[in-house]
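Novice: One structure, pasted below without further comment.
The values are calculated or read from the model by the stated rules, or taken from the named source; none is laboratory data. None of the values given here were measured: they were computed from a predicted structure. All Cβ positions, even for glycine, are placed from backbone atoms using ideal geometry, and neighbour counts span all protein chains on display.
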Amino acid sequence: MPEGDHNADLIGNPVLFTIELREDDPAKCTSAKMTKFRLARSIRPNQISNESIVLNPFAQEILQKSDRALALRGGLVVVDCSWVNASSRFGKKSFKGHQRRLPALMAGNPTNYSKINSLSSLEAAAAAMYLMDFRDFSERLLSLYKWGGTFLSLNENALNDYSAAKSRDELRQLELDYFPQIAR
């Protein structure tokens, strides 16, 4: 498949890339399911473009709607690893690309239900797409699992407010308003 080529119904959306480190139960791997349904493309870390947005839970900059054009140019990369190993994965490796973290959200998946910032790869990708105003793509991703609607219902107000934020400072304040317990 040529670089950037993807399903016709995904035209107009960023290319979604996954890096699968295979640290969790393969039967529950949400990034593998996104790839299986051709909603994402699996790549190796050395294939990340300098133009890509890399979702990194430890990044300083928060992803926001203004990152939309960057995502359309370089795509969005989700690194699928175990939460147990996340700090070492992102601490030791410096992935190319523009590092962004998601604002605080609650997981809707059964493993981490309602835990703050313990999203599956699919939830992270869907949240990123929602925040950058690719809502149809976000909903398409969430439709892969029965619990996808749960993620959206838990976070819809926050996602709408986050995506309407005009600056990263406003977004940070909204994050603290919704989740004061995460004071960074």
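Novice: Restricting to the range 119-152, and then to whatever is among the aliphatic types (A, V, I, L, M) and touching a Gly at 6+ places or on another chain (Cβ under 8 Å), can you tell me which residue is nearest to residue 80 (Cα to Cα)?
Specialist: Taking the candidates together, the pick is 122.
Novice: Looking at 119, 159, 141, 171, which one is part of a loop (DSSP other than H, G, I, E, B) and surrounded by 19 or more Cβ atoms within 10 Å (Cβ to Cβ)?
Specialist: The unique qualifying residue is 119.
Novice: In addition: Among (1) in contact with a helix residue (DSSP H, G or I) (Cβ under 8 Å, 6 or more places away or on another chain); (2) modelled with pLDDT under 70; (3) under 17 Å from residue 125 (Cα atoms), there is one condition residue 26 misses while meeting the rest; what is its number?
Specialist: For residue 26, the failing item is (3).
Novice: Could you check the range 31-47 and list, in sequence order, the residues that are modelled with pLDDT of 90 or more, basic (Lys, Arg) and in a helix (DSSP H, G or I)?
Specialist: 36
Novice: For the range 103-157, give me each residue that is closer than 18 Å to residue 29 by Cα and of a type in the set (Phe, Trp, Tyr).
Specialist: Answer for the range 103-157, where residues must be closer than 18 Å to residue 29 by Cα and of a type in the set (Phe, Trp, Tyr): 113, 145, 147, 151.
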